[in-house]
Amino acid sequence: MAKQQAANVGHTAADGGGQVLRTAAEQGRQVGAEAGTGARDLYTKARQQMRSQIIDQQRRGAGGLRSVSEELRTMADKGGGSGPATELATRASGTVDRLAGWLEDREPGAVLAEVKHYARRHPGMFFAGTALLGVLAGRMTRGLAADATPAANPDAAGQPGDSTRAGQRHDAPLGGGAS
């Protein structure tokens, strides 16, 4: 009888252990499926955000080109003459305006594909264009940085009696002497 009871306990334990294993395996599959779904959702959201940011940058770039085009057009109009510089500014304005329209009318992937295609067909022009854009971007950056310095903007410098003048420590005592 004790042998029979021991065998029953062993079968019950084996059945219980098997049930625990089946339950653990099922829960493992559920967790794996949920993790996969979560990862796909995260990837989709990240991709949508990146696409949105790229489109925003593309629009800003087109807006910047429109601004440059308008400035060139204004320069040509204010030139008042019909010389080569005026003609060049007028042509450049039209070209930049067309480029802005081209950029606005295309999806980011199409822009990248067309730029790659152009670079393969005309590598010299492509590199010359990128060098020119680099020079222009550098000049614009230097100009913006110069506008931001106090020397370029006299109103930004401290007035007499202002304790925040250039070169004076903010934590110095009011008497200005060293401690």
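The values are calculated or read from the model by the stated rules, or taken from the named source; none is laboratory data. Note that the structure is a prediction, hence the values are computed from the model and not measured. Please note: Cβ atoms are built from the backbone with ideal geometry, for glycine as well, and neighbour counts cover all protein chains shown.
State yes or no: is Ala146 in a helix (DSSP H, G or I), modelled with pLDDT of 50 or more, more than 22 Å from Gly61 (Cβ to Cβ) and not β-branched (Val, Ile, Thr)? Let's see the steps before the verdict.
Working: in a helix (DSSP H, G or I): yes; modelled with pLDDT of 50 or more: yes; more than 22 Å from Gly61 (Cβ to Cβ): yes; not β-branched (Val, Ile, Thr): yes.
Against the criterion (in a helix (DSSP H, G or I), modelled with pLDDT of 50 or more, more than 22 Å from Gly61 (Cβ to Cβ) and not β-branched (Val, Ile, Thr)), Ala146 qualifies.
Under 6 Å between Cβ atoms, at least 6 apart or on separate chains: pull out the pairs that start in segment 90-110 with a residue that is on the phi > 0 side of the Ramachandran plot and assigned by TED's automatic domain parsing to the domain that holds Val68 and end on any residue that is modelled with pLDDT of 90 or more and in a loop (DSSP other than H, G, I, E, B).
none
Go through Arg139, Arg98 for me and flag whichever is at pLDDT 85 or above and assigned to a helix (DSSP H, G or I). Please lay out each step first, then the result.
Numbers: Arg139 fails: at pLDDT 85 or above.
Of Arg139, Arg98, the one residue that is at pLDDT 85 or above and assigned to a helix (DSSP H, G or I) is Arg98.
What are the residues in segment 68-95 that are modelled with pLDDT under 90, of a type in the set (Gly, Ala, Ser) and farther than 17 Å from Leu132 by Cβ, if any?
Result: Ala76, Gly79, Gly80, Gly81, Ser82, Gly83, Ala85.
List every residue pair whose Cβ atoms sit under 6 Å apart, with the two residues 6 or more apart in sequence or on different chains, where the first one lies in segment 51-77 and is in a helix (DSSP H, G or I) and the second, anywhere, is surrounded by fewer than 16 Cβ atoms within 10 Å (Cβ to Cβ).
Final answer for the pair search is Ile54/Pro108; Gln58/Pro108; Ala62/Glu104.
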